1. Sort out which residues of segment 125-146 are more than 10 Å from the ligand (Cβ to nearest atom) and either free of Cβ contacts under 8 Å to residues at least 40 places away in the same chain or in contact with a helix residue (DSSP H, G or I) (Cβ under 8 Å, 6 or more places away or on another chain) (or both), and write them in order of number.
2. Can you tell me which residue in segment 153-173 is surrounded by the fewest Cβ atoms within 10 Å (Cβ to Cβ), limited to those that are within 16 Å of residue 103 (Cβ to Cβ) and more than 23 Å from the chain's Cα centre (by Cα)?
3. Applying the selection to segment 23-80, what residues are under 19 Å from the mean Cα position of the chain (by Cα) and part of a helix (DSSP H, G or I)?
4. Of the conditions (1) within 15 Å of the ligand (Cβ to nearest atom); (2) surrounded by fewer than 15 Cβ atoms within 10 Å (Cβ to Cβ); (3) under 20 Å from residue 132 (Cα atoms), residue 202 satisfies every one except a single condition; which number is it?
5. Can you pull out the residues in segment 294-319 that are touching a helix residue (DSSP H, G or I) at 6+ places or on another chain (Cβ under 9 Å) and farther than 25 Å from residue 78 by Cα?
6. Hey, does segment 185-199 have a residue that's assigned to a loop (DSSP other than H, G, I, E, B) and without any contact (Cβ under 8 Å) to a residue 12 or more places away in the chain?
7. Residue check: is residue 324 at pLDDT 95 or above, crowded, with 23+ Cβ neighbours inside 10 Å, within 16 Å of the ligand (Cβ to nearest atom) and farther than 29 Å from residue 137 by Cβ?
8. Go over the candidates 265, 278 one by one and state the one that is crowded, with 17+ Cβ neighbours inside 10 Å and away from the ligand (no atom under 14 Å from the Cβ).
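The values are calculated or read from the model by the stated rules, or taken from the named source; none is laboratory data. Just so it is clear, the model here is predicted, and its values are computed rather than measured. When we count neighbours, we look across all protein chains shown, and the Cβ atoms used for this are built from the backbone with ideal geometry, even at glycine.
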Ligand code: PBG
């Protein structure tokens, strides 16, 4: 039996008489430029960097090809590069020696830890670059969790007390923005109070407000050395990827508690959440194109499976279309070079 049956003759031309031909506005580059709704600029980029101990040292992160852990002197050079490229801000994450890790993440409260050293050095050399530092314990804990644990449970309020101290210490080192990435309840308000009480009324809070328990953080955990240590998963504090309405509740609370800026994380698989958050709150809203998203694009590009530059720029523009005011992305320097025509 055959699937084909005799049909009408196929004409060479159909006279559609269309009033609307959307292709007209796409007919040439000038026309496409004219009707373009969204643009990406260097002002939209935040460059996350990994700080490691040592001198004049850059160590590649295997699962993030093209990204290095950098010693403080190198981080300063990268911050200078960020300034030259017109990237407004960088985000610092530490690779902490396992010997310095303990169950409470004490190193987070060391005013001379890697991120504090880096913040001081950057603020001395390139004060015009915004410095964002996470408030979270996971790069410092021996179990890889973002908080302190008792009987296998991540303790909320005890963790928040530590995050407040961590935030003040980071502000003292020169952090312009504290970015709570831990997903404990009530931490934004507590950090705001703590910063204000310590005289840091001008230090902003960029809250990882809707942060999901995601498999896309894998390479980051390699980069900060927490992946191999992580006991269990983070699902009792990070959000269930199945939930959208809950993200709005998370954001509402953080806004109420005094967040200056809101973040949705991960990025690409959560553009719907980003869009809803921006629409509902009209807050300065950021997306984190996380390590796993970077690894997917860069890994495929390095295998010749897609055009890396095009995929990078398309993915970043998609964040703007979805409503982001900016994007944390490991592509920041490359995208900035491309935008400035020097790549
Ligand atoms: C720490 C933190 C994580 C990321 C940013 N801050 C990892 C995690 O929560 O496990 C992920 C960033 C990335 O994957 O690029 N709480």
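1. Taking segment 125-146 first, the residues more than 10 Å from the ligand (Cβ to nearest atom) are 125-133, 140-143.
Selection gives 125, 126, 127, 128, 129, 131, 133, 140, 142.
2. The extreme case among them is 153.
3. 42, 43, 44, 75, 78, 79
4. Checking residue 202 against (1) within 15 Å of the ligand (Cβ to nearest atom); (2) surrounded by fewer than 15 Cβ atoms within 10 Å (Cβ to Cβ); (3) under 20 Å from residue 132 (Cα atoms), the one that fails is (1).
5. 300, 305, 306, 307, 318
6. Looking for residues that are assigned to a loop (DSSP other than H, G, I, E, B) and without any contact (Cβ under 8 Å) to a residue 12 or more places away in the chain, one finds at least one in segment 185-199, hence yes.
7. Details: at pLDDT 95 or above: yes; crowded, with 23+ Cβ neighbours inside 10 Å: yes; within 16 Å of the ligand (Cβ to nearest atom): yes; farther than 29 Å from residue 137 by Cβ: no.
Answer is no for this residue.
8. Numbers: 265 fails: away from the ligand (no atom under 14 Å from the Cβ).
None of the others qualify; the one that does is 278.
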